[in-house]
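Any read-out appearing in this document is the output of simple, stated calculations on the displayed coordinates, not a laboratory observation. Not measured: the values here are computed from a predicted model. Glycine also receives a Cβ, built like all others from the backbone with ideal geometry; neighbour counts cover every protein chain displayed.
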Protein chains: 2
Amino acid sequence: MSRSTKKDMLLQVAERLFYEHGFRGVGLKQIIREANVATMTLYNHFPSKNKLVEEVLKRREERYWSYLDSYIEKGSSSPFILAVEAHCRWLKEHSYKGDMFLRAIEDYTGIDDEIENIAREHKIRLLHYFQQLAQENWDNNPLDLANQLTLLLEGTTSMTTLIGADKAADYSIAMAKVLFQHTS
Amino acid sequence: MSRSTKKDMLLQVAERLFYEHGFRGVGLKQIIREANVATMTLYNHFPSKNKLVEEVLKRREERYWSYLDSYIEKGSSSPFILAVEAHCRWLKEHSYKGDMFLRAIEDYTGIDDEIENIAREHKIRLLHYFQQLAQENWDNNPLDLANQLTLLLEGTTSMTTLIGADKAADYSIAMAKVLFQHTS
DNA sequence: TTAAAAATAGAAAGGTCGTTCTATACAGTT
DNA sequence: AACTGTATAGAACGACCTTTCTATTTTTAA
């Protein structure tokens, strides 16, 4: 197996385990074992566990981002409804137990600034993206609308833990239609 | 200091630290030090760390519950708006970094069934409470309304981590008014 | 006042953690 | 064929974790 596929395997396994059991709940030993890799191979690619966490977050952000972006671009209905639909589909496919970035903020605030910043900046970028979306659709209060959309999406993610992604998606979309149907 | 106040002190300190740094992020050593208590005093009251976590959750649930309950009872506007207002005030006073019960579910699913159940049952009780609230107000779809309210509240809690409790509360209440103003 | 109960500080046990080290094996390139 | 870079397994390290133990002191109550 080549160098790059081993790094990929490590990132992939780490992301799954971190998401499933939390950053602190997973030891490097487990990651190494499940990725079929030696200890020094991990340390050859990542100087520390925290740097591994950083790269996992960056990779996950990229994936979420392109997912959301492409879904909204090719859709035809209101971009806010599309954003909610895209987020719900993401939840069904990749999340079922809370949000990894929020979790990173909670876990690493006061512990590791770099990780905290990566997670916070992801959320800020999302907010800005929604704000721009609102502006392009001639809404006169883009900041408020973006925050409300974010609140809805965060609520949907949390509800996934409680009632599952399918039901959470149904409620979320229903609420979005009430809240955002006045936008184009 | 009497026996019972020591136990109270332990629970109070543990709740604060667990909430601030997560269950796994806090060691018994820190709890013992900040509660000004000896190791064996803790183990005299709680047979293990996990049992301490359980009692912390039960105590927090009781407090949240009576907070919400009394706020809704004495209010005069729509009970759903009141529920959102009560939850927002709770967030301002006691939470600023996610929800302890959701966190417990994430952390202890597959690890400690008792803790997971306590946290899940709290959420279920809340849902039932909202459902009953909807029924009493002659709503024809109490389950849906309860779930949507819960989604809104969970979203508000998450947003607190991102933009603070005050702004999250503003958006939450604004959304609640759009969503639930049709109820009595 | 005296005996039982509870709290104390601190060490120790036994485990896991992240990280480093060692010594060996295997790949590709020249 | 020899060199270079990388992967390997696994031991070792020091730190920290939860839990237990010990031996001493303080509190409580008859």
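Brief remarks follow.
- Computed per residue of chain B from DSSP H runs no shorter than four, each worth -39500 (n - 2.57), the mean residue ellipticity at 222 nm is -26500 deg cm²/dmol.
- Of the residues A:15, B:114, A:154, B:93, the one with the fewest other Cβ atoms within 10 Å heads the list, and the complete ranking is B:93, B:114, A:15, A:154.
- Taking a ≥ b ≥ c as the square roots of the eigenvalues of the alpha-carbon gyration tensor, the stretch A:28-80 is classed prolate because a/c is 1.5 or more and a/b outweighs b/c.
- Of A:126, B:46, A:148, farthest towards positive along the dipole that unit charges on Lys, Arg, Asp, Glu beta carbons give the protein assembly as shown: B:46
- For the pair residue A:40 and residue A:174, a Förster radius of 51 Å applied to the C-beta separation gives a FRET efficiency near 0.45, rounded to the nearest 0.05.
- Among the residues of B:144-153, the average count of other protein chain beta-carbon atoms within 10 Å of the residue beta-carbon is 5.
- Measuring from each Cβ of chain A to the axis that turns chain A onto chain B, the shortest distance belongs to A:155, 1 (residue, then whole Å).
- The GNM of chain B, with springs linking C-alpha atoms under 10 angstrom apart, assigns the highest mean-square fluctuation among B:104, B:14, B:174 to B:174.
- Principal axis extents of the C-alpha atoms in the protein assembly as shown (largest first, rounded to whole Å): 63, 55, 29.
- Under 12 Å, Cβ to Cβ, from residue A:80 - net charge with Lys/Arg +1 and Asp/Glu -1: -2
- Note on residue A:117 and residue B:143: their simple-model spin labels are 4.9 nm apart, each label 7 Å out from Cα toward Cβ.
- Positive-end residue of B:30, B:109, A:12, charge dipole of the protein assembly as shown with Cβ unit charges: B:30
- Chain A - percent relative contact order, Cα under 8 Å, separation 6 or more: 21 percent
- Pseudo-label separations to other copies for residue A:135 - Cα-to-Cβ vector, 7 Å, nm: 4.9
- Under the combined filter of DSSP loop state and at most 12 neighbouring Cβ atoms within 10 Å, the stretch A:43-147 retains these chymotrypsin sites (Phe, Trp or Tyr not before Pro): A:138.
- Label-point spacing at residue B:65 relative to the other copies reads 4.5 nm, in ascending order, each point sitting 7 Å out from Cα along Cα→Cβ.
- Relative to the other identical copies, residue A:16 shows label-point distances of 4.2 nm, where the label point lies 7 Å from Cα along the Cβ direction and values run shortest first.
- Size descriptor, Kirkwood hydrodynamic radius, that averages inverse alpha-carbon separations across the stretch A:47-115, Å: 13.5 Å
- Ratio of the Cα radius of gyration of chain A to 2.2 N^0.38 Å, where N counts its residues: 1.13
- Taken as entire DSSP H runs, the helices of chain A that both span 18 Å or more between Cα atoms along their own long axis and average 0.5 or more on the Kyte-Doolittle scale are A:142-163, A:165-180.
- The stretch B:1-58 and the stretch A:38-75: distance between their alpha carbon centers, rounded to Å: 36 Å
- Cβ-defined net charge surrounding residue B:107, 14 Å radius [Lys, Arg +1; Asp, Glu -1]: -3
- Net dipole in debye of the protein assembly as shown [+1 Lys, Arg Cβ; -1 Asp, Glu Cβ; about Cα centre; nearest 20]: 1140 debye
- The Cβ shell under 11 Å around residue B:94 holds other residues with a net charge of +3, Lys and Arg each +1, Asp and Glu each -1.
- When Rg and the Kirkwood radius Rh are both evaluated on Cα atoms of the stretch A:7-53, their ratio Rg/Rh stands at 0.90.
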